[in-house]
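One structure is given here, and the rest of the page talks about it.
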Amino acid sequence: MAARELRYGYFRQLLNDIGASTVCVAHHRDDAVETMLMNLLRGSGIHGLTGIRSHNGPVVRPLLCVSRQEILEYLHSIGQDYVTDSTNLHPEVLRNKVRLQLLPLLEQMYSGASENMARSAYYLSEAEKVYNAEIARYAQVKESPLLDSSLLTIPFSLFSSSPSPLCLLHEWLTPFGFNRSQIEQILAHLDGEPGRVFESSTHTLVIDRDSIVVEPLGAPIKPLVIPEPGTYRIDENAKIRIEEVGVESGISRDPAIATLDAATIRFPLTLRAVEPGDIFQPYGMEGKKLVSDYLTDRKLNLLAKRCQRVLVDATGTILWLVGLRTDHRYRITPDTHKIFRAVWQLNL
């Protein structure tokens, strides 16, 4: 694998240096059959049983339609010498075992086995086009525009209408690092109690009430102290702007903007994640409410709750559930002379 990455890295550099658009490599039909058999031994799905693709970005393989023997016979007919890579003769490597031992045995058992398997790989590649089109029909990704744009939601309704929920889950979750065993467990728990969490090396998955939610693994949210008005970057994807404006600007209806009575705000402020026991008074309500209960009422899933930030003042009182609701105690009234405005911005 490392040698392949170096080789293709060299190809990319060479194409760039000489201004070429494609590079031709000499993979032939037997190579494609070997790849098909190796993937079959590894328990591959349909994508792995189509052999080697004729096109892969700038790399093209014009010799996939002919066998190694046909190439050798042609070279012999024109008196052309060639070089054999000696590493291809050592049977310790899986591909070499398939090439030197398995394929000759299959040809002994059934004449034309390699040609027939190549034909099967072609048929599977055509079937794969139908398969991919059907998978694409189910491809619906929902993002949370205010809390975390990387949060992905897969509704259960997609699986109920699919002839193979396991297949659909596999196509959805394999790119996120989930293995076959995990995917089978996830499918088995779809009808169970929500809240079950699974992790791959790169992502966290939660089974929610009516959907599966996937989020990249990341560092815990660190508190950000805001000593005065200004613009503060949270990370490479988000920032918050704190400012004071005149009352003529009015109350914002944008959920990404909080407008409060500036006279009631005490600096320094802190932007942090929701903590157990957090309480606030939702705008328009008389009584206080646990933030966790409020988020549950809003039907936020577990991962969205983990992403949820709050803006608190110097006393630790919550001013704003970012992107959701401000605290009623800091509302703008007829006596307000200056408006405090906080603007949450993502994907910058």
Task: Using a Förster distance of 41 Å, the FRET efficiency for Asp254-Ser200 (Cβ separation, nearest 0.05) - done: 0.70
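So with the 1.4 Å probe, I'd like the accessible area per residue for the chain, rounded to whole Å².
On the way: 20140 Å² over 348 residues.
Value for the chain: 58 Å² per residue.
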TODO: Go through 310-320, 76-86 and give me the packing order, highest mean Cβ count within 10 Å leading.
DONE: 310-320, 76-86
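What FRET efficiency would be calculated for the residue pair Glu126, Tyr232, taking the C-beta separation as r and a Förster radius of 45 Å, to the nearest 0.05? All intermediate terms of the calculation are to be shown ahead of the outcome.
Details: r = 54 Å, r/R0 = 1.21.
Approximately 0.25, to the nearest 0.05.
Normalised by the empirical 2.2 N^0.38 Å for globular proteins, what value does the Cα Rg of the chain take? Let's see the in-between values first.
Numbers: Rg = 29.6 Å, N = 348, 2.2 N^0.38 = 20.3 Å.
So the chain has a normalised radius of gyration of 1.45.
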- [ ] For the chain, set up a Gaussian network in which alpha carbons nearer than 10 Å are linked by springs, and say which option among Gln182, Gln108, Gln281 fluctuates the most.
- [x] Gln108
TODO: Please list 97-103, 34-40 highest first by mean number of surrounding beta-carbon atoms within 10 Å per residue.
DONE: 34-40, 97-103
Open item on the list: Checking the a/c ratio against 1.5 first, then a/b against b/c, what shape does the Cα gyration tensor give for the stretch 264-326?
Closed with: oblate
- [ ] Take the alpha-carbon centre of the stretch 323-348, take the same for the stretch 64-88, and report the distance between them in whole Å.
- [x] 74
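With an 8 Å Cα cut-off and a minimum separation of 6 or more residues, compute the relative contact order for the chain in percent.
Values: 498 pairs, mean separation 47.7, N = 348.
So the answer I get is 14 percent.
Based on the alpha-carbon gyration tensor of the stretch 146-264, what equivalent-ellipsoid semi-axes (square roots of 5 times the eigenvalues) come out, in whole Å, largest first? Each step should come with its number before you reach the end.
Details: eigenvalues 324, 58, 26 Å².
The answer is 40, 17, 11 Å, longest axis first.
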- [ ] Tell me the label-point distance for the pair Arg329, Ile71, using the 7 Å Cα-to-Cβ offset, in nm and rounded to one decimal.
- [x] 7.6
Task: Protein accessible area in the stretch 42-175, 1.4 Å probe - carbon and sulfur % - done: 58
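Between Ala133 and Asn347, what length in nm is gained on full extension when 0.36 nm per residue of separation is reduced by their alpha carbon distance? The partial results should precede the final answer.
Numbers: separation 214, 0.36 × 214 = 77.04 nm, distance 3.01 nm.
So the extension gain works out to 74.0 nm.
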TODO: First select every other residue whose beta carbon is under 10 angstrom from the beta carbon of Leu271; then total the charges, Lys and Arg +1, Asp and Glu -1.
DONE: +3
- [ ] Find how much the distance from Leu102 to Arg7 grows on full extension, using 0.36 nm per residue of separation minus their present alpha carbon separation; answer in nm with one decimal.
- [x] 31.5 nm
Open item on the list: Quick check on the stretch 229-348: take the gyration tensor over C-alpha atoms, sort the square-rooted eigenvalues as a ≥ b ≥ c, and tell me if it's rounded (a/c under 1.5), prolate or oblate.
Closed with: oblate
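Note the full-extension length gain between Ile78 and Asn39 as 0.36 nm times their separation in residues minus their Cα-Cα distance, in nm to one decimal. Intermediate values should be presented prior to the final figure.
Values: separation 39, 0.36 × 39 = 14.04 nm, distance 3.56 nm.
Full extension from Ile78 to Asn39 adds 10.5 nm.
How long are the three semi-axes of the equivalent ellipsoid for the stretch 238-281, computed from the Cα gyration tensor as the root of 5 times each eigenvalue, in whole Å, largest first?
Numbers: eigenvalues 95, 35, 30 Å².
Gyration-tensor ellipsoid for the stretch 238-281: 22, 13, 12 Å.
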Task: All-pairs alpha carbon distance profile, the stretch 19-172, 5 Å steps from 0, percent - done: 2, 7, 12, 15, 16, 13, 10, 8, 6, 5, 3, 2, 1, 0
Open item on the list: Along the Cα→Cβ direction, 7 angstrom out, place labels at Ile279 and His55. What is the inter-label distance in nm?
Closed with: 6.5
Open item on the list: Rounded to the nearest percent, how much of the accessible area of the stretch 223-348 (1.4 Å probe, protein heavy atoms only) is carbon and sulfur?
Closed with: 48
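The values are calculated or read from the model by the stated rules, or taken from the named source; none is laboratory data. What you are looking at is a predicted structure, and each value in this text was computed from that prediction instead of being measured. Neighbour counts are summed over all protein chains in view; Cβ atoms, including those assigned to glycine, are modelled from backbone coordinates with ideal geometry. These area figures cover heavy atoms from the full protein model, side chains too; ligands, DNA and RNA do not enter into them. Shrake-Rupley method; radii C 1.70, N 1.55, O 1.52, S 1.80 Å.
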